[in-house]
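Participant: Structure in structure tokens, see below.
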Amino acid sequence: MAENTPDLSGHKVLAIVTNYGVEQDELVVPVDRLRDAGAEVTIAATKEEPVQTLVGDKDPGKTVRPSAKLADVDPGQYELLLVPGGTLNADSLRLDDDALRIARGFTSGGRPVAAICHGPWLLVETGAVKGKTLTSYPSLRTDITNAGAAEWVDKEAVRCDAEGFTLITSRNPGDLDAFLREIDAVLAAA
């Protein structure tokens with residue numbers, strides 16, 4: 001465990017992705033870091049086949065084996081939802097009924113969601129950004145504002161506790177340290 005990383009033993013995190021197009025570091029870095037801190041992390045994908053990550057939305061990255069299918073996930077079994085970006089991943093995820101069901105399960109149940117880069121598109125689709133202050137990849141700003149967000153800001157990481165659930169957002173893989181500090185703080189306080 002890193003020096004400033006809290007012990008997250010006993011905490012359960014769900015990461016949801018499609019099987020192609022998730023931004024490599026937005027999935028792999030948080031999953032590895034959370035597991036190293038003791039958290040149990042489930043990676044759920046649309047299918048049971050390996051997840052092909054991408055680097056910069058174009059170059060093949062690592063292949064990751066999911067541990068569950070989105071259709072089989074009970075969101076009530078987890079404390080925090082992680083929604084990585086990647087343009088292709090996020091655009092497909094927001095059209096997936098199981099991903100929408102899972103996201104709604106977290107937000108309506110008052111449990112935290114952490115979304116990075118294009119990941120907030122899923123929350124736009126569910127209506128969960130209404131009244132929230134958040135950040136994202138800059139191209140989502142208009143979508144987020146039109147979906148009723150209180151404010152879109154250009155910051156490394158934003159934590160918003162308004163509207164009944166905690167939302168942690170970041171702009172891109174360069175913000176992962178700040179993003180993970182917020183996730184650690186939320187889980188450690190749970």
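Participant: Taking a 27 Å limit on the Cα-Cα distance, which of the listed pairs LYS12/LYS62; LYS47/LYS130; LYS69/LYS155 fall beyond it?
Facilitator: Details: LYS12/LYS62 23 Å; LYS47/LYS130 30 Å; LYS69/LYS155 33 Å.
With Cα atoms farther than 27 Å apart: LYS47/LYS130; LYS69/LYS155.
Participant: Among ILE168, TRP152, ALA190, whose Cα sits farthest toward the positive end of the charge dipole of the chain (+1 at Cβ of Lys/Arg, -1 at Cβ of Asp/Glu, about the Cα centre)?
Facilitator: Result: TRP152, furthest along the dipole toward the positive end.
Participant: Computed from the mean reciprocal separation of all distinct C-alpha pairs, what Kirkwood hydrodynamic radius does the chain have, in Å? Intermediate values should be presented prior to the final figure.
Facilitator: Numbers: mean 1/r = 0.0629 Å⁻¹.
In the chain this quantity evaluates to 15.9 Å.
Participant: Which of the listed residues, THR135, ALA37, PRO50, is farthest toward the dipole's positive end in segment 12-189, when Lys, Arg count +1 and Asp, Glu count -1 at the beta-carbon?
Facilitator: THR135
Taken together, the values in this text are just the output of simple stated rules run on the coordinates, not laboratory data. Since the model is a prediction, treat every value here as computed from it, not as a measurement. Cβ coordinates were reconstructed from backbone atoms using ideal geometry, including for glycine residues, and neighbour counts include every protein chain displayed.
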